[in-house]
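Report on the structure given below.
The values are calculated or read from the model by the stated rules, or taken from the named source; none is laboratory data. Note that the structure is predicted; figures quoted are calculated from it, not measured. Here the Cβ positions follow ideal geometry from the backbone for every residue, glycine too, while neighbour counts run over all protein chains shown. Side chains included, ligands, DNA and RNA excluded: accessible areas come from the protein's heavy atoms. Shrake-Rupley method; radii C 1.70, N 1.55, O 1.52, S 1.80 Å.
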Amino acid sequence: MTSTGSKYKPALSYHVLTRWYDAAIAATLPERLIRKKLMDLISPKEGELILEFGCGSGQNLAIGSVRGPRTKWIGIDTDERILKVARKKQALSKEVELMSYNGQKLPFSSSHFDCVFSSLVFHHLESDLKKEALLEIFRVLKPGGRFILADWGLPANRKSRWKFYLVQILDGFKTTEDNVKGTIPSLVERAGFKMLLENDQLETLFGTFRYYTAYRPKTKNRFYYI
Ligand SMILES: C[S@@+](CC[C@H](N)C(=O)[O-])C[C@H]1O[C@@H](n2cnc3c(N)ncnc32)[C@H](O)[C@@H]1O
């Protein structure tokens, strides 16, 4: 349980801060660059169905739906309050659908999406929830589908490590442990993903931000967590 009384943390860890999420990100991170790098990796193609896991206020979807106009985008989140912020955005095209769920099983059939991506979400999840989320993302991806994960990762140097304490103080030490230890890639692989690649990294005020791509194999493979 978090300080908010739920297993699932709001975007800035406390519900009262939710309305300031966009302003806080814009003021403290190189947001344009972070989201551009993400969209370059997603590289949406016409006719694709793409899911954002933990879409928050819809900033990525607003950019994505301009980049891939004939792509269908779905954003899902556990927090109805931040989805309200997203729903007010003019920039969200009609190709974007927003959904809330209870944080457990994703409400989609297996092998449904061409691509699933997630940004700034995994450091909100304790290890067990990270593993469950990865298995669910794996399940809803089509065989051969791609998963792009962008989040805080192994600090590049001692200064980055110190900077990351700011995130840990706000978001918690338990949920950020895998990030700071650099074990996210191995969690992704243990959920069954293959061809994991670290695509990029960025130094920020809060530490090292990393991007990964991995694929659901085309052939059947074993789940290691179950
Ligand atoms: C820091 S925000 C990131 C929002 C957005 N992806 C972005 O890049 O700005 C983290 C989001 O993850 C959501 N979240 C937390 N746990 C989740 C879960 N288990 N499933 C889906 N979303 C979750 C939170 O409600 C929050 O909106």
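Filtered by the rule that a residue be farther than 14 Å from residue 52 by Cβ and surrounded by fewer than 17 Cβ atoms within 10 Å (Cβ to Cβ), region 63-92 gives 66, 69, 70, 80, 81, 84, 87, 88, 90, 91.
Can you tell me which of (1) of a type in the set (Gly, Ala, Ser); (2) open to solvent by less than 30 Å² (accessible area, probe 1.4 Å); (3) closer than 30 Å to residue 143 by Cα is the one residue 13 doesn't meet? Against the list (1) of a type in the set (Gly, Ala, Ser); (2) open to solvent by less than 30 Å² (accessible area, probe 1.4 Å); (3) closer than 30 Å to residue 143 by Cα, residue 13 comes up short only on (3). Out of the residues in region 50-79 that are farther than 19 Å from residue 20 by Cβ and assigned to a helix (DSSP H, G or I), state the one that is nearest to the chain's Cα centre (by Cα). Checking each candidate, the answer is 61.
Only one of 202, 149, 197 is hydrophobic (A, V, I, L, M, F, W, C) and open to solvent by 60 Å² or more (accessible area, probe 1.4 Å). Can you tell me which? Unique residue meeting the criteria: 197.
Among the residues of region 29-49, none is identified as hydrophobic (A, V, I, L, M, F, W, C), free of Cβ contacts under 8 Å to residues at least 40 places away in the same chain and not in a helix (DSSP H, G or I). Of the residues making up region 85-127, just one is more than 11 Å from the ligand (Cβ to nearest atom), part of a helix (DSSP H, G or I) and modelled with pLDDT of 95 or more, namely 127.
For region 168-183, what are the residues that are of a type outside the set (D, E, K, R), part of a helix (DSSP H, G or I) and open to solvent by 10 Å² or more (accessible area, probe 1.4 Å)?
Initial filter on region 168-183 (of a type outside the set (D, E, K, R)): 168-170, 172-173, 175-176, 179-180, 182-183.
From what is left, the residues that are part of a helix (DSSP H, G or I) are 168-170, 173, 175-176, 179-180.
Across region 168-183, the qualifying residues are 169, 170, 173, 180.
Quick check, is residue 182 in contact with a strand residue (DSSP E or B) (Cβ under 7 Å, 6 or more places away or on another chain), without any contact (Cβ under 8 Å) to a residue 60 or more places away in the chain and within 14 Å of residue 122 (Cβ to Cβ)? So residue 182 does not fit the description; no. Within region 186-218, the set of residues being touching an Asp or Glu at 6+ places or on another chain (Cβ under 7 Å) and either charged (D, E, K, R) or part of a helix (DSSP H, G or I) (or both) comprises 187, 210.
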